[in-house]
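Let me begin by presenting the structure, written as structure tokens, before commenting on it.
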Amino acid sequence: MDSRSFPPLGDPAEYSFYFELLFGKDYAAQQKYLNKALSTDKISSTIGHRALAALLHLGLARIIFTTNFDEVVESAYASITGKNLTTFHLEGSYAALEALNAERFPFYAKVHGDFRYQAVKNLTEDLLHNDREIQKCLVASATRFGMVVSGYSGRDGNVMAMFREAIEQNNSFPHGLYWTVTRISRVEKPVRELMDYAHSKGVKGGIVETGTFDEMLAKIWRLVAEKNPDVDGKVRSATVEQMKIPLPPVGTAYPILRTNALRITGFPSTCGTIDYDGTLDIRQLKDVLFEKQPPCSVCYTDRILFWGDGKELAKIYEPNRVKSISTFEIDDLVRVIDASTYLKSTVEQTVATALVADKPLLLRKQGKTWYAITYHVEANSDALKPLRDALSWKDVNGKFHPGVVNGQVPGLKDVYWAEAVSLKVEERNGQLWLLLQPDVWISPYKMREEATDFLYNKKIRRYNKQASQILSAWIEIFLGGIGKGDANIIAYKGTEHPAEFQISMRSAFSRRSGKNV
């Protein structure tokens, strides 16, 4: 394709180029193809579509604008509510602005501007006028509401110009403009430029890494209070009926597959809680926590829960409103973690803090994941010897090379690397597990993409044997040994509310069934 001067992969003109290559100027054939490819009988809604439809039904979302031209959202809304969703599109009514002014919510507006139509130029003047009316509705709504953008790359100049027009108004997006992405590192340049422009105009918000559309909407729906059970059952249709699929019998044959999971066999049954006078501004509290970094892990639900130094925590945010600091009983931490992503995140932070305590390691968070990183000042510490041994190697001449745990990235000024491991806590089958994923950290982290070749060469030869040795080394560093038995780790030792965990020193494994397959 490249040798024939076709558009490069990911180019905005790619779709329209191949569209015209196949169909030429036969617009009827184009439309026939689209109708067949996007026909209603092929629609299959996901939890994201159903959750969005439910938010519309509950009045928690008012308007959806889209550049898509399928009927997935309408179908999801009908399945949730049994009603039709008012929809404005190019081929139908274009009175979307009138619906906005009359507050006939919810409604769904299909905005033209997607490059699929723009480049093939198959719209009549009437349809272009209809499109402009729908765009006026979006611009007008920007003075009244906030907006969350999801699943859109920002490569369409027409749509981005519409966003700029909306931002240029007085009091634009009074409740914020948030552009959600699956990965921050993959944000298109036009999106960054647009959000910078929005900030320059005083619009609050930003680019937020949320995972996929389905992940984001599923989490939002989980946080909706007092959900109607019937609606909840339709949104989370896969969980309405509990399925009990029996696990296969324990295997007895070889091979043995080692995993990177360590079972957490013991965990705290209590934590601290702070009783405040009046309501809390959670956003302000988060900002203060980020700035002050008190020696504790904090969770915000209907109350403040924490492990660590409660007195220090109480000092940093309106201490005159603190009524009391007390102990909170946790009925079942495994069940609570499964129900609350907030508490799960706090448990991960607490476990990570306990693992690196009194060790030559730094604790860093990237996105939602905690990492333990070897500290360059103590690279030769005895505590890191298991890792250095695991990284040692012999060349083709049999010469021994000692393992190195950190250093400078060749060819990049002031960029450094360090052996690291990600730390996650997961619930599976009613049990908690610590997941260790060895990695290589790049500092500053924003230079990671520049160090892609270095990282590739660094990790490409870590085959099964050495990968297993590196995992064992991290287990030994964290827990003081490897094999049978449990190890105790404590976060915030010496405070009134420490957190103690027991973790198995043997990683979970799977053996092949004895049956012939």
So for the stretch 195-206 (the condition being under 18 Å from the mean Cα position of the chain (by Cα) and not hydroxyl-bearing (Ser, Thr, Tyr)), does at least one residue qualify?
yes
The number of residues in the stretch 335-345 that are surrounded by 13 or more Cβ atoms within 10 Å (Cβ to Cβ) and closer than 15 Å to residue 429 by Cβ is 2
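Results for (1) under 21 Å from residue 215 (Cβ atoms); (2) free of Cβ contacts under 8 Å to residues at least 60 places away in the same chain, shown as yes or no for each residue.
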| residue | (1), (2) |
| --- | --- |
| 56 | yes, yes |
| 60 | yes, no |
| 64 | yes, yes |
| 73 | yes, yes |
| 78 | no, yes |
Residues of the stretch 460-517 being of a type in the set (A, V, I, L, M, F, W, C) and in a helix (DSSP H, G or I), in sequence order, are 467, 470, 471, 473, 474, 475, 477, 478, 479
Subset of the stretch 6-57 that is surrounded by 13 or more Cβ atoms within 10 Å (Cβ to Cβ) and of a type in the set (Val, Ile, Thr) - its residue that is modelled with the highest pLDDT
47
First in the stretch 261-278 and touching a residue at least 40 places away in the same chain (Cβ under 8 Å), second anywhere and hydroxyl-bearing (Ser, Thr, Tyr) and part of a strand (DSSP E or B), Cβ under 6 Å, 6 or more apart:
262/504; 262/507; 263/504; 265/504; 270/327; 273/326; 275/324
In the stretch 403-421, is there at least one residue being among the small types (Gly, Ala, Ser) and closer than 30 Å to residue 335 by Cβ?
no
Scanning the stretch 88-106 for residues that are surrounded by fewer than 18 Cβ atoms within 10 Å (Cβ to Cβ) and closer than 30 Å to residue 19 by Cβ, the one modelled with the highest pLDDT turns out to be 91
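For every residue, the table says whether it meets (1) at positive phi; (2) assigned by TED's automatic domain parsing to the domain that holds residue 441; (3) touching a Leu at 6+ places or on another chain (Cβ under 9 Å).
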{"residue": "300", "(1), (2), (3)": "no, no, yes"}
{"residue": "315", "(1), (2), (3)": "no, no, no"}
{"residue": "321", "(1), (2), (3)": "no, no, yes"}
{"residue": "325", "(1), (2), (3)": "no, no, yes"}
{"residue": "345", "(1), (2), (3)": "no, yes, no"}
{"residue": "369", "(1), (2), (3)": "no, yes, yes"}
{"residue": "378", "(1), (2), (3)": "no, yes, yes"}
{"residue": "381", "(1), (2), (3)": "no, yes, no"}
Filter the stretch 283-296 for residues that are more than 20 Å from the chain's Cα centre (by Cα) and either surrounded by 13 or more Cβ atoms within 10 Å (Cβ to Cβ) or of a type outside the set (Asp, Glu) (or both) and give the result.
284, 285, 288, 289, 292, 293, 294, 295, 296
Is it true that residue 165 is at pLDDT below 85 and either closer than 16 Å to residue 65 by Cα or not in a helix (DSSP H, G or I) (or both)?
no
Going by the conditions given, is residue 413 within 30 Å of residue 263 (Cβ to Cβ) and in the same structural domain as residue 359 (by TED's automatic domain parsing)?
no
Which helices (runs of 4 or more DSSP H) does the stretch 17-108 wholly contain that include 1 or more residues that are aliphatic (A, V, I, L, M) and within 30 Å of residue 229 (Cβ to Cβ)?
47-57, 72-81
Note on residue 122: of the conditions (1) assigned to a loop (DSSP other than H, G, I, E, B); (2) modelled with pLDDT of 85 or more, unmet is (2)
Do we have residue 193 as loosely packed, with under 14 Cβ neighbours inside 10 Å, of a type in the set (Asp, Glu) and not in a helix (DSSP H, G or I) here?
no
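The values are calculated or read from the model by the stated rules, or taken from the named source; none is laboratory data. In this text the structure is predicted, and so the values were computed from the model without any measurement. Positions of Cβ are generated from backbone atoms using ideal geometry, with glycine treated the same way; all protein chains shown enter the neighbour counts.
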